[in-house]
Amino acid sequence: MMQKEKILFSPSKIHIDFMDKAFDKICEYYNVKPVIMKSDTRQKPFVFYRQCAMKFMYEYIAEPIKVSQTYISKTYFNRDHSTLIYSRQLLDNYRETGDVYWDEYYSFCKYMIVNYPRINKTINPEDYPTLYPIINN
């Protein structure tokens, strides 16, 4: 029987620095202050930005380094982990239906990966300490 991979609840300081910088770059992309991402606002553009940011931060940053959904959703978005799960499912549904929201999310991911190449799915946890700082400028 295969053993399930361990997901960290509390990442190390080096992981936190990496995720903090990535979160700041995401907020810059959407031209939104981090406090807005964490707020309870239900205005459509901010909700969509938050959903995109949650999906991206988990799938491209946290998951490869084994950081939990709970940690990402609570720390960066002041939300329950189920909100992150819902955001991922919603954006996947947009992809399957060819919705224009998927195109915007895809453009956002492409921008982040091209401009900040250390933020991508090819991060190996063993190589992680060598990836700092994530932003060279």
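What pairs from K25/K74; K55/K110; K21/K74; K44/K110; K13/K74; K25/K110 go past 20 Å between their alpha carbons? Over 20 Å apart, Cα to Cα: K44/K110. Its relative contact order, with pairs defined as Cα atoms under 8 Å and 6+ residues apart, puts region 13-121 at 25 percent. Listed by Cβ neighbour count within 10 Å, with the fewest neighbours leading, C109, C52 appear as C109, C52. Its residues counted as N, region 37-76 yields a C-alpha radius of gyration over 2.2 N^0.38 Å of 1.19.
The Rg/Rh ratio of region 13-121, with both radii computed over alpha carbons and Rh defined as the Kirkwood radius, is 0.93. Compactness of region 46-108 is given as radius of gyration and Dmax, 11.2, 31 Å, from Cα positions.
Values quoted throughout were computed directly from the atomic coordinates according to the rules given, and no laboratory measurement underlies them. Predicted model, so just to flag it, every value in this text is computed and none were measured. Cβ: placed from backbone, ideal geometry, glycine included. Neighbour counts: every protein chain shown.
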